[in-house]
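Visitor: Let me begin by handing over the structure; questions about it come next.
The values are calculated or read from the model by the stated rules, or taken from the named source; none is laboratory data. Nothing here was measured: the structure is a model prediction, and the numbers come from that model. With ideal geometry, Cβ positions are generated from the backbone for all residues, glycine too; neighbour counts draw on all protein chains shown. Accessible surface is based on the protein model in full, side chains and every heavy atom, while ligands, DNA and RNA are left aside. Shrake-Rupley method; radii C 1.70, N 1.55, O 1.52, S 1.80 Å.
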Amino acid sequence: MLIIIAALTVLLLCPQHMAAQKKKFSLEQIGYGGRQLLRGDYLWTTWWGDQLMYLDISDGGTLDANGQRTKLFSLSDIKGNWYAAYEAVYPYPGETLVMLDNSHERILYDWKKKETVWEQTSQDETHTDWNARSRNVAYVKEHQLYVRTAANEERRLTTDGSREIVYGQSVHRNEFGIEKGTFWSPDGQKLAFYRMDQSMVSDYPQVDINPRCATYEPDKYPMAGETSHKVTVGVYDVPTGKTIYLQAGDPTDRYFTNIAWSPDSKTVYMFELNRDQNDCQLVSYDAATGERQGVLYEEKHPKYVEPLHPIRFLPWDADKFIMQSQRDGYNHLYLYNKEGKLLRQLTKGEYVVMEVLGFNEKSRSVIIKANKNHPLCHNLFSVDVKNGKLKPLDNGQGVHYGELSATGQQLIDINMAPEVTRNIDLINTTDGKTQRLLTSRNPWEGYEIPIFESGSIKAADGVTDLYYRMVKPADFDATKKYPTVVYVYGGPHANNVEASWHWGSRPWETYMAQKGYVLFILDNRGSQYRGREFEQATFRQLGQIEMQDQMEGVKFLKSQPYVDADRIGVHGWSFGGFMTISLMLNYPDVFKVGVAGGPVIDWKWYEVMYGERYMDTPQTNPEGYEKTSLINKAGNLKGKLQIISGYNDNTVVPQHCLSFLKACIDAGTQPDFFFYPEEEHNMRGHRSIHLHERITQYFEDYLK
């Protein structure tokens with residue numbers, strides 16, 4: 001009888017126990033493989049003047065402050081091959097026109113008349129750049145640069161384009177903030193464009209393995225200290241059909257970046273740097289003749305100067321512009337007149353202006369994002385151009401991303417905080433009034449959620465604050481000992497820890513935490529958004545200061561009773577791969593297991609612009625290159641190390657990994673190695689799932 005009662009009790013309790021059990025994440029669910037099933041609610045919006053518009057896969061329309069939608073058009077109303085993969089822009093405030101582009105054609109559709117009023121064909125175009133005012137579009141086709149006019153006339157601007165002569169695309173390997181290669185004047189009648197001659201640059205021998213006999217598909221890759229490409233800037237005049245080139249002088253060993261136009265479309269501005277990147281000039285040119293008019297600003301620094309943003313003219317005063325610079329140690333805004341006279345510094349303090357969103361013409365202010373409140377917070381402010389007074393626009397917490405309306409009086413604020421998945425607010429930038437449009441549900445409800453924490457420690461200099469994130473298993477028990485993985489990037493222009501949802505945690509950290517690991521992520525000196533001194537501490541010795549700071553993090557970990565000091569691993573990709581191997585080889589008795597993805601092994605094999613900015617050339621800094629190279633440390637390897645790389649990596653070319661393997665063979669050490677065929681620097685789509693399964697399994701096999 002007792003046995004029967006006991007059995008019945010188990011049967012009654014089991015369903016309740018099972019219902020209370022939390023689900024576990026798969027890699028695909030938390031963001032890999034392109035599906036991103038558990039990222040929370042979102043609201044896709046854009047602006048039609050000052051009217052907020054929603055974007056859906058099949059229609060678009062207005063969105064009011066209460067979240068009420070009014071559909072204005074549907075793709076099914078439009079004749080032609082229209083489907084969900086399209087771009088919608090409302091380029092003309094007050095006109096009932098939407099520009100739709102589906103990569104085959106672009107049209108202006110009048111939703112009031114329910115008819116297409118203008119169209120352009122757009123087949124086989126790449127690097128397209130459409131100008132709303134003139135309706136001209138610039139694009140590249142079969143290496144040549146073209147302009148298609150509003151009347152649908154195709155004009156071929158170049159004839160010598162090739163893999164060696166590149167037109168209308170980003171140059172200098174996307175450094176200096178360069179993201180594209182064409183720049184329309186405000187009136188849409190002139191096109192500034194890049195021409196890059198890389199015929200003198202060495203080929204890196206990439207291989208296509210798909211044909212019956214593998215074929216040679218080289219990349220142009222200028223390595224540090226080697227011959228670099230030559231860039232010039234042309235200007236095409238649509239009405240006359242003529243092209244001139246800016247008379248900037250010999251382009252050898254020079255960089256041209258951050259191209260901008262004057263409001264009257266008569267002058268082109270760009271920042272010019274020497275190859276050492278320690279002398280930067282803002283220069284103006286006559287757009288009609290190409291004549292060099294003069295230097296408006298010059299900035300020098302013994303380490304490097306890095307212009308990342310074009311100048312921006314005030315919408316209400318065509319004689320004045322805003323310039324960004326780190327000249328006082330932090331990226332700030334400066335107001336100049338068009339003759340190059342400094343009128344005033346607009347922002348000042350130990351914080352970084354991270355982005356200029358635009359201008360509010362009514363209040364004569366510039367809208368910015370900055371980490372003024374805290375290094376981990378990204379907040380939105382209005383800056384009075386007359387006196388530099390800052391006015392907060394958001395709640396002062398978390399991380400915010402904004403998009404301004406046409407006049408700058410309305411702002412969409414997408415914001416997160418460590419305990420907030422995502423909120424979307426509508427902010428009036430003049431009076432500061434805020435209306436909530438969306439509060440995202442927690443997409444992880446019902447799942448086993450790790451513990452996310454953040455804190456700070458001192459850097460190796462004993463003075464500087466460094467911020468970390470720690471991820472612990474959901475059932476964390478401080479009396480137990482846990483295997484711990486240090487995830488690291490550590491390089492310039494990146495940071496891992498911020499005050500967004502879960503402190504900016506990556507999906508893989510959650511996946512590892514549910515398998516019983518503690519994850520630790522620290523932003524060392526050299527990473528971004530902490531000012532020039534913080535960033536430039538690593539100059540000419542990449543990896544050294546960064547390792548010292550990361551070891552302070554390890555010291556902190558070892559002081560925690562729940563961290564198993566005999567089971568500490570490390571993982572990172574790209575610069576983080578370099579850091580992973582550096583830590584494994586320089587502290588071989590600390591790290592038991594490492595997984596390094598796409599790692600730099602020796603900076604002499606990295607590209608010119610980035611490599612020489614932070615390391616100078618191998619010829620001028622031989623000691624630094626020798627000190628940071630991992631080749632001569634291959635014999636130090638003790639723990640288990642897996643190296644992973646894309647077979648056709650054109651960022652950190654395979655020579656890095658292969659040379660390190662050769663050095664390990666010569667030294668008698670035994671790393672593991674895995675190539676991803678046909679992949680470049682990062683794995684795409686579902687191969688990313690395979691990659692992260694492989695990374696995880698390596699720690700499961702050797703650290704757990």
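Visitor: Just want to confirm a number: the relative contact order over the range 238-367, from Cα pairs under 8 angstrom separated by 6+ residues, in percent.
Guide: It rounds to 15 percent for the range 238-367.
Visitor: Oh, and also: Taking the Cβ of Asp286 as the centre, find all other residues whose Cβ is under 9 Å away and add up their charges (Lys, Arg: +1; Asp, Glu: -1).
Guide: Residues close to Asp286 contribute a combined charge of +1.
Visitor: Let me ask another. Taking θ as phi - 60°, what are the ³J(HN,Hα) couplings along the range 204-210 by the Karplus curve (6.51, -1.76, 1.60), each to the nearest whole Hz, with x for Gly and Pro?
Guide: Each residue of the range 204-210 in turn: 9, x, 6, 10, 9, 8, 6 Hz.
Visitor: Per the helix-only calculation at 222 nm, which mean residue ellipticity applies to the chain, given -39500 (n - 2.57) for every DSSP H run of n ≥ 4 and division by its residues, nearest 500 deg cm²/dmol?
Guide: Using -39500 (n - 2.57) per qualifying helix, the result is -4500 deg cm²/dmol.
Visitor: Still on this structure, please answer the following. Roughly how much of Ser365 is accessible, in Å² to the nearest 10, using a 1.4 Å probe?
Guide: Counting only protein heavy atoms, Ser365 exposes about 0 Å² to solvent.
Visitor: Continuing with this model, one more query. Given labels modelled 7 Å from the Cα in the Cβ direction, how far is it in nm from Glu448 to His493?
Guide: 3.9
Visitor: If one computes the Cα centroid of the range 332-357 and of the range 54-123, what distance in Å separates the two points?
Guide: With the range 332-357 and the range 54-123 each reduced to a Cα centre, they are spaced 38 Å.
Visitor: Give me the number: length gained by fully extending Glu164 to Thr149, i.e. 0.36 nm times residue separation minus the C-alpha to C-alpha distance, one decimal in nm.
Guide: Fully extending the segment from Glu164 to Thr149 adds 2.7 nm.
Visitor: Follow-up. Would you check the accessible area of Tyr245, probe 1.4 Å, heavy atoms only, in square angstrom rounded to 10?
Guide: It works out to around 80 Å².
Visitor: Note the full-extension length gain between Lys300 and Thr430 as 0.36 nm times their separation in residues minus their Cα-Cα distance, in nm to one decimal.
Guide: Between Lys300 and Thr430, full extension yields an extra 43.0 nm.
Visitor: Just to make sure I understand: if all protein chains stay in place, what is the order of Arg39, Arg567, Arg133, Arg441 by accessible area at 1.4 Å, largest first?
Guide: Arg133, Arg441, Arg39, Arg567
Visitor: Calculate the FRET efficiency for Thr62 and Asp477 from the Cβ-Cβ distance with a Förster distance of 56 Å, rounded to the nearest 0.05.
Guide: 0.60
Visitor: Amide H to amide H, which residues 5 or more places from Glu355 or on other chains are under 5 Å from it, using H placed in the peptide plane?
Guide: For Glu355, whose amide H was placed from the backbone, the distant partners under 5 Å are Lys369.
Visitor: Another question, then. Hey, what's the range 279-346 come to in accessible area per residue, 1.4 Å probe, Å²?
Guide: For the range 279-346, the solvent-accessible area averages 44 Å² per residue.
Visitor: Give me the 1.4 Å probe accessible area per residue for the range 410-567, excluding ligands and nucleic acids, in Å².
Guide: On a per-residue basis, 36 Å².
Visitor: I want the local charge near Asn174. Using Cβ-Cβ distances under 11 Å, sum +1 for each Lys or Arg and -1 for each Asp or Glu among the other residues.
Guide: Here the count lands on -1.
Visitor: Dipole magnitude of the range 151-241 about its Cα centre, charges +1 at Lys/Arg Cβ and -1 at Asp/Glu Cβ only, in debye to the nearest 20?
Guide: 60
Visitor: Between Lys79 and Trp44, what is the label-to-label distance in nm when each label sits 7 Å out along the Cα-to-Cβ direction?
Guide: About 2.6 nm, to one decimal.
Visitor: When ranked by the protection proxy of mean other Cβ atoms within 10 Å per residue, highest first, what sequence do the peptides 644-652, 676-684 form?
Guide: 644-652, 676-684
Visitor: Would you tell me the accessible area of Glu355, worked out with a 1.4 angstrom probe on the heavy atoms of the protein chains, in Å² to the nearest 10?
Guide: 70
Visitor: If you don't mind, another one. So, with +1 on the Cβ of K and R and -1 on the Cβ of D and E, and no other charges, what is the size of the charge dipole of the chain about its Cα centre, to the nearest 20 debye?
Guide: 1240
Visitor: Given the C-alpha centroids of the range 627-704 and the range 226-302, what is the distance between them in whole angstrom?
Guide: 41
Visitor: What are the equivalent ellipsoid semi-axes of the range 446-511, built from the alpha-carbon gyration tensor (square roots of five times its eigenvalues), in whole angstrom, biggest first?
Guide: Here the semi-axes work out to 23, 16, 11 Å.
Visitor: While we're looking at this one, here's another question. Using a probe of 1.4 angstrom, how much of the accessible area of the chain is carbon and sulfur, in percent?
Guide: 48
Visitor: Between Thr70 and Glu179, how many nm apart are label points set 7 Å from Cα along the C-beta direction?
Guide: Between Thr70 and Glu179, the label points sit 3.2 nm apart.
Visitor: Now for a different question. Grab the Cα-Cα distance for Gln528 and Gln123, subtract it from 0.36 nm times how many residues apart they are, and report the gain in nm with one decimal.
Guide: 141.8 nm
Visitor: Place a +1 charge on the Cβ of each Lys and Arg in the range 220-355 and a -1 charge on the Cβ of each Asp and Glu, then give the dipole magnitude about the Cα centre in debye, rounded to the nearest 20.
Guide: Here the range 220-355 has a charge dipole of around 80 debye.
Visitor: In nm², what is the average projected area of the convex hull enclosing the Cα atoms of the chain?
Guide: One quarter of the hull surface, i.e. the mean projection, equals 36.8 nm².
Visitor: Probe of 1.4 angstrom, ligands and nucleic acids ignored: what's the accessible area per residue over the range 86-166, in square angstrom?
Guide: Accessible area per residue, the range 86-166: 49 Å².
Visitor: Using a 1.4 angstrom probe with every protein chain in place, what is the largest-first accessible-area order of Asp253, Asp701, Asp124?
Guide: Largest accessible area first, the list is Asp124, Asp701, Asp253.
Visitor: At a Förster radius of 60 Å, what calculated FRET efficiency corresponds to the Cβ-Cβ distance of Asp286 and Asn395, to the nearest 0.05?
Guide: 0.80
Visitor: At 1.4 Å probe size, put Lys481, Lys190, Lys592 in order of accessible surface, largest to smallest.
Guide: Most to least solvent-accessible, the answer reads Lys481, Lys592, Lys190.
Visitor: Once Lys and Arg get +1 and Asp and Glu get -1 on their Cβ, which of Thr484, Asn395, Thr464 lies farthest toward the positive end of the dipole of the range 394-498?
Guide: Sorting the options by dipole projection puts first Thr484.
Visitor: If you count the DSSP beta bridges with both ends in the chain, what percent of them are antiparallel, to the nearest 5?
Guide: Beta bridges within the chain, antiparallel portion: roughly 85 percent.
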